[in-house]
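In what follows, a structure is listed as C-alpha cells, so that the remarks can point back to it.
The values are calculated or read from the model by the stated rules, or taken from the named source; none is laboratory data. Note that this is a predicted model, so its numbers are computed, not measured. Neighbour counts are summed over all protein chains in view; Cβ atoms, including those assigned to glycine, are modelled from backbone coordinates with ideal geometry.
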Amino acid sequence: MEVKPFYWKGDYLLLLDQRKLPREEIWLELRTYEDVAKAIKDMAVRGAPAIGCTAAYGFVLGIKLQRENPEEVYETLKNTRPTAYNLFWALERMMKALRENRDLEEEAKSIEKEDYEANKKMGEYGSQLIPKGAKILTHCNTGALATAGWGTALGVIRSTHYAGKDIFVWVDETRPYLQGSRLTAWELLKEGIPHKIITDSTTGFLMRKGLVDLVIVGADRITARGDVANKIGTYSLAVLCKEHGIPFYVAAPTSTIDPDIEKGEDIVIEERSAKEVKSCGDCLIAPEESDALHIAFDVTPANLISAIITEKGVFKPYEILNALKG
Ligand code: MRU
C-alpha cells in the first residue's frame, strides 16, 4: 500500500508523526494553523514538498475555520523552517488565492495533487537515466513521506524498481535526525526494494571500491543558476562523486526552484538545536557540557551536479530556469 504522510479531513489535518517512525505509527490531529506550524518546526512533518502542502492546509485552517488575520497566519507558517522553498511557494499561492477570492481548500488540494503528479512524472524521466542493475546511493528521505506521495529522488528509485531494472539502494543514515535509516529504509522495506543502511562516513569507501554507480538526492531550494540546497552531507557526496567519476543527480519539482536567488551562498541555511546532535532519539550520546553545531543543510554548486530531474524534464543545472517556462 502506498505511504501518505498526511490526509486533509475537511476540518483538520491528519499527520503521520515522522519523529516516531519506524517504531511507532502515530497520527496527529492538527486542528489549528498553530498546530500545523509547530508540527513543521518540530519536524513531525519534513521534506520540502510535504512542508509546502501541510502549510497550505494550515492556511486553510487559519483563514477558513479559525477566521484569523491572514498576515498573522501567513507569517506564523512562514517562520517555521527557512530553507525549504516549497513552503514559501505554497504560502504565496495561498495568499494569491485569498486575494482573488478563490476557494482556499480547493487551492490546497490542487497543491497536493500537483505535487503527487510531478513526482510520478519525475519518476518517468529519472528512471530513464538509471541503468539496469545500478547500485544507487541516496541521502536523507525524499520519498512519499517527504512529499504528497511517491517522492522525488526516492520516487525516481521507486519508478526504476517498478520498471524492473533490478536496482539496489545504499541508504546513508543522515545524522542527526536519521531520515535515511529511519524513514528511507522504512519506505524501501515496505516496497520490497533491495537496500542496505550505511553510516554517513562509509560512502567514500564504497565509491572507491566501485560499489556505487550513481547518487540521487532531493532538494530544498534550487537557485536560478542551479546551485542546490539539500540536507547537510549532500555537498560532501557531490565532491566524492566528482573524485570518483560518478553521476550526481538531483530530483525536485519546479516548486523547489527559487528564481529570485542567483547564488547558493544567498540561501538562508537553517541551524537547529545543538541538542539534536548530542542525542540519538531520547538518549544523550555526548557530554552534556560540550557544545555542538547543527547546520541542517548545505549547498552543492551547480558544477558538481550532472543533471536536475523535474516534472518538466531533465535539465543541466545552468539551464534550470527553462523548467519554469511553459
Ligand atoms: O530536514 P528535512 O528532513 O526536512 O530535510 C529534507 C531534505 O533535505 C530533502 O532532501 C528535501 O527536502 C527534498 S524532499 C523530497
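Structure summary
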read-out	value
Failed criterion for Pro253 (all others in (1) farther than 19 Å from Tyr177 by Cβ; (2) in contact with a strand residue (DSSP E or B) (Cβ under 6 Å, 6 or more places away or on another chain) hold)	(2)
Segment 256-278, subset surrounded by 14 or more Cβ atoms within 10 Å (Cβ to Cβ) and without any contact (Cβ under 8 Å) to a residue 24 or more places away in the chain, residue farthest from Glu319 (Cα to Cα)	Lys278
Unmet criterion (only one of (1) under 17 Å from the mean Cα position of the chain (by Cα); (2) surrounded by 15 or more Cβ atoms within 10 Å (Cβ to Cβ)) for Val212	(1)
Members of segment 197-209 that are in contact with a strand residue (DSSP E or B) (Cβ under 6 Å, 6 or more places away or on another chain) and more than 16 Å from the ligand (Cβ to nearest atom)	Ile197, Ile198
Segment 41-60, residues that are touching a residue at least 60 places away in the same chain (Cβ under 8 Å) and either in contact with a strand residue (DSSP E or B) (Cβ under 8 Å, 6 or more places away or on another chain) or surrounded by 24 or more Cβ atoms within 10 Å (Cβ to Cβ) (or both)	Arg46, Gly47, Ala48, Pro49, Ala50, Gly52, Cys53
So Gly149, is it in contact (Cβ under 8 Å) with a residue 24 or more places away in the chain and within 12 Å of the chain's Cα centre (by Cα)	yes
Conditions (1) closer than 22 Å to Thr202 by Cα; (2) surrounded by 13 or more Cβ atoms within 10 Å (Cβ to Cβ); (3) at pLDDT 95 or above; number of the one not met by Gly245	(2)
Selection from segment 101-130 of residues that are surrounded by 15 or more Cβ atoms within 10 Å (Cβ to Cβ) and in a loop (DSSP other than H, G, I, E, B)	Leu129, Ile130
Pick from segment 272-308, criterion within 12 Å of the ligand (Cβ to nearest atom) and out of contact with any Ser or Thr (no Cβ under 9 Å at 6 or more places or on another chain), ranking: farthest from Ile232 (Cα to Cα)	Glu276
From the options Leu28, Leu77, Leu87, Leu98, residue that is in a helix (DSSP H, G or I) and away from the ligand (no atom under 16 Å from the Cβ)	Leu98
Residue in segment 137-169 that is farthest from the ligand (Cβ to nearest atom), counting only those that are over 25 Å from Ile51 (Cβ atoms) and touching a strand residue (DSSP E or B) at 6+ places or on another chain (Cβ under 9 Å)	Phe168
Filtered residues of segment 210-235 (kept if in contact (Cβ under 8 Å) with a residue 12 or more places away in the chain, outside any strand (DSSP E or B) and more than 10 Å from the ligand (Cβ to nearest atom))	Leu211, Val212, Asp213, Ala224, Arg225, Gly226, Asp227, Tyr235
Options Gly58, Gly52: the member that is within 11 Å of the ligand (Cβ to nearest atom), in a helix (DSSP H, G or I) and at negative phi	Gly52
Search result, residues across segment 269-312 that are touching a strand residue (DSSP E or B) at 6+ places or on another chain (Cβ under 9 Å), under 26 Å from Gly151 (Cβ atoms) and hydrophobic (A, V, I, L, M, F, W, C)	Ile269, Ile295, Ala296, Phe297, Val299, Ala302, Leu304, Ile305, Ala307, Ile308, Ile309
Selection count where residues are in a helix (DSSP H, G or I), surrounded by fewer than 24 Cβ atoms within 10 Å (Cβ to Cβ) and of a type in the set (D, E, K, R), scope segment 141-179	0
Scope segment 31-49; condition outside any helix (DSSP H, G or I) and farther than 25 Å from Cys140 by Cα; matching residues	Arg31, Thr32
